[in-house]
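J.: So that we are looking at the same thing, I have put the structure below in structure tokens.
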Amino acid sequence: MAGTVTARILYVMTKPPHDVADRIAAHPRCDRTRSAGLLHMTVQPILDLMAIPRELRAHVRDRAITRCGAVEGEPFSISFDRTVESARTIGLRGRGVAAGAKALQRAICCAFGRWPLPDYGFNPHVTIAYRPDGKGSVPLDAIHWEVRDIRLIESLVGIGRHEELGRWPLRRQPGLFD
């Protein structure tokens, strides 16, 4: 995708397995100009690296990698059962509470400690198009997957590319009596 990088945003996200991403990409409202490999659920934006001095960027990346390695989260299932259109996007959303996703987001914020993370009104979704099509919000056959890891991604906004900086598995935590 040609263009100019307008932002270099660090995100902690999850991505669906390839078979699920292919199913999402086949949705008639999904933007065909974007790779299925870009489909994701943002759990927490970290910052735009272009907003800080160039000489600090490598250090900030390294610190974010270290913090992601400290995240203690468990695998969980996520399900999306409707297509929702907003003024700027079309996305997949679920009607359920998504307790596992919200617990993961809290764990990420905890691992990042006093970092000035953006206030992110986390509502689990997968954006499938960055332009509305006027068809509104409609139900769909549920799309779900087991979230087994988190990824730190540097998103090169403007050229549609994700650079993966690291991936960490989510692990079941022992119970009180284990």
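J.: Let a ≥ b ≥ c be the square roots of the eigenvalues of the Cα gyration tensor of segment 56-102; is it rounded (a/c under 1.5), or, if not, prolate (a/b larger than b/c) or oblate?
T.: Because a/c hits 1.5 or more and a/b fails to exceed b/c, segment 56-102 counts as oblate.
J.: Modelling each spin label as a point 7 Å along the Cα-to-Cβ direction, I'd like the Thr66/Asp19 distance in nm, to one decimal.
T.: With each label placed 7 Å out from Cα toward Cβ, I get 4.0 nm.
J.: Could I ask something else about it? Would you mind checking which residues have amide H under 5 Å from Asp31's amide H? H placed 1.01 Å from N; only 5 or more apart, or other chain.
T.: Amide H neighbours of Asp31: Ala129.
J.: Right, next: HN-Hα J couplings of segment 133-138 from phi, Karplus 6.51/-1.76/1.60, θ = phi - 60°, integer Hz, Gly and Pro as x?
T.: For segment 133-138, the Karplus curve yields 10, x, 8, x, 9, 9 Hz.
J.: Shifting gears a bit: Show me, for segment 34-49, the HN-Hα J-couplings you get by feeding each phi into the Karplus relation (A = 6.51, B = -1.76, C = 1.60, θ = phi - 60°), rounded to Hz, glycine and proline as x.
T.: Taking θ as phi minus 60°, the curve returns 10, 5, 4, x, 8, 5, 6, 10, 5, 9, 7, x, 9, 5, 8, 4 Hz for segment 34-49.
J.: I would also like to ask the following. For the chain, what does the alpha-carbon gyration tensor say about shape, rounded, prolate or oblate, given a ≥ b ≥ c as the root eigenvalues, a/c under 1.5 as rounded, and a/b over b/c as prolate?
T.: Taking the square roots of the gyration eigenvalues as a ≥ b ≥ c, the chain is oblate.
J.: Moving on. Whole-Hz ³J(HN,Hα) for each residue in segment 75-80, computed from phi via Karplus 6.51 cos²θ - 1.76 cosθ + 1.60 with θ = phi - 60°, x for glycine and proline: what do you get?
T.: Running phi through 6.51 cos²θ - 1.76 cosθ + 1.60 with θ = phi - 60° gives x, 7, 9, 10, 9, 10 Hz.
Rule-based calculations on the coordinates, nothing more; no lab input. Fair warning: this is a prediction, and the values are worked out from it, not measured in the lab. In this analysis, Cβ positions are derived from the backbone assuming ideal geometry, glycine residues included, and neighbour counts consider all displayed protein chains.
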